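The values are calculated or read from the model by the stated rules, or taken from the named source; none is laboratory data. Because the structure is predicted, anything quoted here is derived from the model rather than measured. Using ideal geometry, Cβ is built from the backbone for each residue, glycine included, and neighbour counts are taken over all protein chains shown.
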Amino acid sequence: MKTTIELPDELFQRAKVMSAERGTTLKEIMVQALQLWFRTPEKDEEKERQATVKRLLKSMRASNSEPMRPLKREEIYER
């Protein structure tokens, strides 16, 4: 789809230089930039994801904090 956008001169020049350095087109630079922008999570989403991971890791911890030790034969049969 063709469209017209207005960019600040400095941004446009940087994009043109980058496309020349990479041997690609300005269009491809814009497409890649937009794809990256849509793929990058928002800060709130990232905080929520980190909180979810933290809760998950907390729920996976053992309920006791004592290190494991081998049981003696008598202790096994007492249970």
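Tabulated data for the structure shown
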| read-out | value |
| --- | --- |
| Residue ranges of helices (runs of 4 or more DSSP H) in the stretch 1-76 with at least 2 members within 25 Å of the chain's Cα centre (by Cα) and at pLDDT 85 or above | 26-39, 43-60 |
| Tabulated pairs, the stretch 21-33, first of a type in the set (S, T, Y), second assigned to a helix (DSSP H, G or I), C-beta under 8 angstrom, 6+ apart or interchain | T25/S19 |
